[in-house]
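For reference, the structure discussed in these notes is given below.
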Amino acid sequence: MVTALADVRRARRVAEQVPDPELPMLTLADLGVLRDVTITEDGTVVASLTPTYSGCPAMAEMRADVSARLREAGFERVEIRTVLNPPWTSDWITPAGRSKLTEYDIAPPLKTPQRPAGPVPLSLSPMRRIVPCPRCGSVDTQETSRFGSTSCKALWRCLTCHEPFEYVKEI
């Protein structure tokens, strides 16, 4: 029993260190994509991942990377499961992950707004986000494109330091 618990901890440590293929400064644990690591009775390591969104093209790479790292660590039987419920939210990015994004001049996502139960109010005017510049901290920023280098990022610019930056969208 003690050995099994040690193996689960070791497998989790290995899986937690796998970098995200699109944001390599973050691990899958930082991003909140790694949901669980367990070992079945037959010794199979099961790592559960939740995609950032259902069409995330990086999921195949994530699965392959986690599987390869676990096998390299000596785990012979590995299974990667995709968990869709509950859906991933950008609120799952850890404080360390948010700090790493800022260090790499990428604005971390804002907190997901809490929506009341019941009908969703309709607003025809655009929602104004206040996204601080990851370089100088100014909130005098402007979105230049809703779509960035990946589907989960948008392009912004700071009107104070005049630098462009990416913003990880909240989901």
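The values are calculated or read from the model by the stated rules, or taken from the named source; none is laboratory data. None of these values were measured; they are calculated from a predicted model. Neighbour counts are summed over all protein chains in view; Cβ atoms, including those assigned to glycine, are modelled from backbone coordinates with ideal geometry.
Do we have residue 152 as within 18 Å of residue 18 (Cβ to Cβ), of a type outside the set (Gly, Ala, Ser), touching a Phe, Trp or Tyr at 6+ places or on another chain (Cβ under 8 Å) and not assigned by TED's automatic domain parsing to the domain that holds residue 30 here? Answer is yes for this residue. Residue count for region 59-80 satisfying the condition of being without any contact (Cβ under 8 Å) to a residue 40 or more places away in the chain and surrounded by 12 or more Cβ atoms within 10 Å (Cβ to Cβ): 10. For region 100-129, the set of residues classified as at pLDDT 90 or above and surrounded by fewer than 12 Cβ atoms within 10 Å (Cβ to Cβ) consists of 103 only. Scanning region 139-159 for residues that are free of Cβ contacts under 8 Å to residues at least 60 places away in the same chain and either surrounded by 14 or more Cβ atoms within 10 Å (Cβ to Cβ) or of a type in the set (Phe, Trp, Tyr) (or both) yields 141, 143, 147, 148, 153, 154, 155, 156, 157, 158. Residue 79 satisfies every condition listed in (1) farther than 19 Å from residue 171 by Cα; (2) touching a Gly at 6+ places or on another chain (Cβ under 6 Å) except (2).
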